Structure formats: structure tokens, C-alpha cells
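I have placed the structure first, in the form of C-alpha cells, so that the comments after it can refer back to it.
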Amino acid sequence: MTEGDGLTMRTRKDAWKIPATDQTLVWYAKAIAEMKKRPITDPTSWRYQAAVHDYVSGDDPLATHGEALPTPSDQQTFWARCQHGSWFFLPWHRAYLFYFEHILRQIIQKLGGPSDWALPYWNYSDPSNSSARCLPPLFWAPKLPDGTANPLLVSERVNGANSGHQIGTPADAENSTCLGKPLFINNSTGGATGFGGGRTGFSHAGGVTGGCEAVPHNTMHGAVGGPTGWMSAFNTAPLDPIFWLHHANLDRLWVVWLKGNSKHVNPTMAAWLTAVRFGFHDAGGSVVSITPSQVLDTRDALLDYMYEDESDPLHTAGPAVAPLAARTTMEIQRIPEMVGATDTQQAITLGQESSSVQFALQAPTGPALTLDAADSTVPREVHLNIENITATGRPIESYEVYVNVPDGDTPENHPELMAGLIPRFGIFEASRPTLEHAGDGLNYAFDITAVVAGLQKLGKWDPSNIRITFVPHRSEAERTAATSTLPIRIGRVSLYFA
Ligand code: C2O
């Protein structure tokens, strides 16, 4: 590769702020049109690249009768590799984008475009942009400026997306919860959720979802795709060109999270850094492999890019930042203890209506008790777990989860009692058994420490009566589109002290 000469670092730009004279998005469209001309057997083709994320034979919307596919062993090695519900979520997608961007850049150069072209990002959370949650206009324009067909426009999106409407709700695009996570790693035994995901092996689906993967990643996938659109499924998401700008934004949030606070560190275990290699193809179609340890810093010679805006929205004053290498990994190790849960025999099925489950808490007897006794200056954390979320197909709803909404009240009127969102993205995939996992579904962990503290203050926290309410989470556009719903199932709702 000729990347990384160190002379000019490429800048991934904010798609909403690209000036009218700047052709970054037009070049993106032109390069995609070229990739689409290549057959699916070509690793640098549009469809092969999407299949690297996921491929479901029999569910490929672009399949043509009798077409040649890559050999089974090629498919096994390079397809359906995306890492979800895992601490590999961020590094895998960073590498995926990097090689994809390399393919685009080489095409753009051949077409006479800029040699430093870089993938832009979609910042749907930008408080200074009242259209932030709308698709940038070129993604729904019928034609490119030169009058040719626009490959950035796909019709398989949520109602309203292709007429310039806001997508999803502010809660879908919210990024301060994940950016505020002190640790990268989830406690995968049901406690705190970190920024980057739980410790896993190779993980294509399932697991405990990390903070940024849950919101805004999963939520914005579901918001753009709606109940049945391409962005709502692993195998079709990368066929929507907005996918790559969505992931550039996630990748940017990783940079922001690290830069914004000197205590934020990546995992330092070999199990994360080097134990798993990810295989891709470069722009020339050659096989390349890479480990998380090689993608830690976007400004390194290999990656050689930065983001137009890497400032931390939580610390606008600009904190003193220690170099990544100098950071220590000191952290409070909390051992979570489950203090209550629903009965696993009791099926929890969520459909088109709101529903609730109830359970009682027991006093802690294990680690949480020790924590209380040992150091009362460390406030106890409370985590709500939603376990084994499965579905038998699409379309499925996303849900809002509330804690102890007073009888007769409308949950939506109690944002202070909202624990979080269960996005639709990834649930169906996590429900299908694969080589790597049993198909026992997705898990979400919500930090509800503040919700509980608020209830306690009002004298409304009753450990003998915990009620969790699930409310279908629909944007304005989805409500008017009146789509049907397949239910999702939840194995158990549990509560942990840590
Ligand atoms: Cu691997 Cu946004 O998905």
C-alpha cells in the first residue's frame, strides 16, 4: 500500500458541512457506481464488500438467477464477519471502513478525482444542526448534479427518509450516554455497560452490547431502515451508502471518547489487541489481515486519517489530554450482584402495545454487600439487564424501557424514568444459531443509577415492587406508516447492584 506517506493526513469530513463546491459526496457516488459494475466474485465489488459484513443466501435483494458466487471457502473466510455484541465492534468496523475507503479512493483517483479522498461522516447528533437527523440531501436526490442516476439513493429506507424528514428521535441519535462511559469494556456478567463492548471471542451476533454500539449505532440503524429497510439488517445494511457514513461517525466517536478524557483507555489485554486477526481485501484485491492493535490510532502511518471534528461534546472547554501511551489502566473493579429478576418460566413477549413486568428485589448477600461495607464513598451502581432478546423475523419494533412509572401515567411523560432503548437492529441476527453462537439473542445492560436515585429522593423506590414497562419506540414517520409487527421475546429482566 502507498498509504501513510506522513505528508498529508486525510480528513474525514462532516457530510452536512461539505461546501457546495466540494465534490466529496459526488466522488463517493461515482466510485460506488464503479464498484457496482464489478461482479460479486470480485472482492472489490459493492456486493462483495457488503457481504463481508453479512450475507444470507436466499435473502440477497440483489441476487440474480444463476449468478456465480465466490467459492464456499472464500465465503467462509471473508463473508459475514462483522463483529457485534463484542469488544471487537469498534476495531473490526474501523478496519472494514479503512479497506473499503481504500477501494473507493483508488477508483476516485483513476476517475481523475482527489488522491486524498476520504470517507465523510454523518453526525446525526450535532446540536448546532437542526437537520442533523435528516439524510444529507445528496442521499435522497433523484439524480447526481450531472444528471446521471444517483447510487446514493436507495428506496429501502424508513418512510420519510427520502423526502428529507428527520429520522428517528433525539433519543436514537443521543451520544452523551456512551461518551460518558468511564470504561471501554462491559462487564459481561450483567453489570455495567462500557463504551466499547463486552469481552468476547469472535462475535458475529449476540453478546452484551457496548454503549456506543447500542446508542447511537443500533438505534440509528433501525431508525434509517425502519421495520424492513436495508439498514435494519446486517446483510443489507452496507448496501445502503449511508451505512458507511454512519460507521465513520461511530469510528469518530471512538476517537472523541479517547481524546475527551485522559482516564479513557482501550483494552490492554492481548486477547483484544492481537489474539484475533481480521481478514479483508485491499484496493488491488489482495488479501490483507489486521489486528485491533494496528488500528488504535487513526493518525498512525497505516491508517493516516483524522476527523474534521474530534471535540468532545461533553467537555467543550477542552481538557488537558494525556497521550494515549501514557495512560494508566487504574479502574474501580466492580463485581455486580444480581438482586432480583423475573421468572425465566414467564414468557415476556413484546408486540405493538406497551407491556410491563414486575419483580421484587432481595437484599444483597454477596459482592454488593461487601462493596457497601468496604467503601461508602463509592456510590452503588444499579444496572438493569434485558436478557436473551430474540425474534423470529422482521419487521420488529424498537422499544423504550421505563422503570416504575406510576399507575395510570403515560410512560412517555416520564423521561426521567427511562432506562434506555432496545433497538431493533441485530435482534433477529442474534436469534439465529451460527457456528459461533447459539442464537440465544441480544442482551442490553442499562445503567439506571440516576433513575433509582431520583425515585429514592421522591420516596418512590420500593424494592419489593420493581415494574419495568416496554413501550414501542416509533418516530413520527413510522407512526403514520402503520406497519405490522412481529413480536420480540425477552428471556429475563434482571437487576444488579455493583
Ligand atoms: Cu456491523 Cu452498523 O453494523
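The values are calculated or read from the model by the stated rules, or taken from the named source; none is laboratory data. Everything numeric in this text was worked out from a predicted model, so none of it was measured. When we count neighbours, we look across all protein chains shown, and the Cβ atoms used for this are built from the backbone with ideal geometry, even at glycine. Side chains included, ligands, DNA and RNA excluded: accessible areas come from the protein's heavy atoms. Shrake-Rupley method; radii C 1.70, N 1.55, O 1.52, S 1.80 Å.
The residues listed here are A271, A248; of these, the one that is within 15 Å of the ligand (Cβ to nearest atom), part of a helix (DSSP H, G or I) and either open to solvent by 10 Å² or more (accessible area, probe 1.4 Å) or in contact with a helix residue (DSSP H, G or I) (Cβ under 8 Å, 6 or more places away or on another chain) (or both) is A248. Checking the stated criteria, I427 turns out not to satisfy the condition of being of a type in the set (V, I, T) and either without any contact (Cβ under 8 Å) to a residue 40 or more places away in the chain or farther than 16 Å from H221 by Cα (or both).
Applying the criterion of at least 1 residues that are closer than 17 Å to S354 by Cβ to the strands (runs of 3 or more DSSP E) found wholly in segment 379-498 leaves 382-391, 399-403, 418-422, 466-472, 488-497. For segment 39-97, name all the residues that are within 14 Å of the chain's Cα centre (by Cα) and more than 27 Å from L303 (Cβ to Cβ). Listed by number, the list is empty, since nothing qualifies. Exactly one residue out of S286, S262, S232 is touching a His at 6+ places or on another chain (Cβ under 7 Å), of a type in the set (S, T, N, Q) and assigned by TED's automatic domain parsing to the domain that holds V208: that is S232. Working carefully through the options T77, T11, find the one that is open to solvent by 30 Å² or more (accessible area, probe 1.4 Å) and over 26 Å from E429 (Cα atoms). T11 is the lone residue from the list that is open to solvent by 30 Å² or more (accessible area, probe 1.4 Å) and over 26 Å from E429 (Cα atoms). Screening the candidates R94, R105 for the property of being closer than 26 Å to R277 by Cα, part of a helix (DSSP H, G or I), open to solvent by less than 10 Å² (accessible area, probe 1.4 Å) and touching an Asp or Glu at 6+ places or on another chain (Cβ under 6 Å) yields one hit, R94.
Would it be correct to say that W16 is more than 14 Å from the ligand (Cβ to nearest atom) and crowded, with 22+ Cβ neighbours inside 10 Å? Here the answer is no, as W16 does not meet what is asked.
For segment 111-130, the criterion of being open to solvent by 40 Å² or more (accessible area, probe 1.4 Å) and either within 16 Å of the ligand (Cβ to nearest atom) or in the same structural domain as G441 (by TED's automatic domain parsing) (or both) is met by no residue.
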